[in-house]
Amino acid sequence: MPAGYGLLLAMMEPPAALEAEFNEWYDTEHLPERAAVDGFLTARRFVCIEGWPRYLALYDLERVEVLHEPSYAAVGGARQSPWSKRTQGFVGGLLRAEGVQLYPGTALTGAQGRAARLALWHFRGVPESDTARIVTGLRAIYEDRPETAQLRVFRIEHDDEVGFVGLVELRLPRPLAGLDLAPLGSAARCIEALNVYVPYRRRGGLPGLFR
């Protein structure tokens, strides 16, 4: 079976006094710079309304190896702009993870239309024997419901640790309180975080997305 699409996920929160600069940097330099990299298929931003940190960026990739190829290296690491180095020096809550789409395999962010909410499930320390339950469990919780636009599940790597992320795009808000976690079985004990986001909109009402 061919590998699924890749994912680059980034979470962070700037100090309140520097939030305007942070968003100006992300909107005018960081996001478009990465959207132009070969192999990047989408680039979208979200704002957290339940959970932490405040900002999330999702990048769909043709393959996760894109993040280790020359086109990406040209805008990352030591080659980042002075503005990028300054901004990343003052943000908190930074989490950067890369991964591979396990389910359904080749679905893109927003492929089923613009969603009102995005639920992000982060699983950590899942025993190998329980990994399949994450996919089957999230499918049981969300699929075949009218508010669910799309469910995707990724195997991620962060700080040399393997985890899993479920991304659920919802047409209508669905409260987290009262969710039945039974379909996840023992994997429910490995939930690290469950955040809810809305699509980020730039100043002037423009959506924070490319492609």
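The values are calculated or read from the model by the stated rules, or taken from the named source; none is laboratory data. Predicted model only: the values in this text are computed from it and were never measured. We place every Cβ from the backbone using ideal geometry, glycine too, and count neighbours over all the protein chains shown. Note: accessible area is taken over every heavy atom of the protein model, side chains too, but ligands, DNA and RNA are not part of it. Shrake-Rupley method; radii C 1.70, N 1.55, O 1.52, S 1.80 Å.
Which value at 222 nm does the chain reach when only helices count, each DSSP H run of 4 or more adding -39,500 (n - 2.57), with the total divided by all residues and rounded to the nearest 500 deg cm²/dmol? After summing the helix terms and dividing by the residues of the chain, the value is -4500 deg cm²/dmol. Which of rounded, prolate or oblate describes the chain when judged by the alpha-carbon gyration tensor and an a/c cut-off of 1.5? Here the chain falls in the prolate category.
Hey, could you get me the Stokes-Einstein D for the stretch 93-211, Kirkwood radius over alpha-carbon pairs, 10 °C and 1.306 mPa s, rounded to whole µm² s⁻¹? Stokes-Einstein gives a translational diffusion coefficient of 105 µm²/s. Taking the chain as a Gaussian network of alpha-carbon nodes connected by springs under 10 Å, the highest mean-square fluctuation of the residues Leu58, Leu170, Leu94 belongs to Leu94. Taking 0.36 nm per residue of separation and subtracting the Cα-Cα distance, full extension of the segment from Arg202 to Asp160 would add 11.8 nm. Look at the dipole of the stretch 76-173 built from charges on Cβ: of Ser84, Tyr142, Val153, the Cα furthest out on the positive end belongs to Ser84.
The distance separating the Cα centre of the stretch 14-38 from that of the stretch 106-174 comes to 25 Å.
The residues of the chain expose, per residue, 48 Å² of accessible area to a 1.4 Å probe. By accessible area, using a 1.4 Å probe on protein heavy atoms only, the chain has 53% of its surface on carbon and sulfur.
This model, with +1 at the C-beta of Lys and Arg and -1 at the C-beta of Asp and Glu, gives the chain a dipole about its Cα centre of some 580 debye.
The angle separating the long axis of helix 131-142 from the principal Cα axis of greatest extent in the chain is about 90 degrees. When the Gaussian network model of the chain links Cα atoms closer than 10 Å, the mean-square fluctuations of Ser81, Ser129, Ser71 top out at Ser129.
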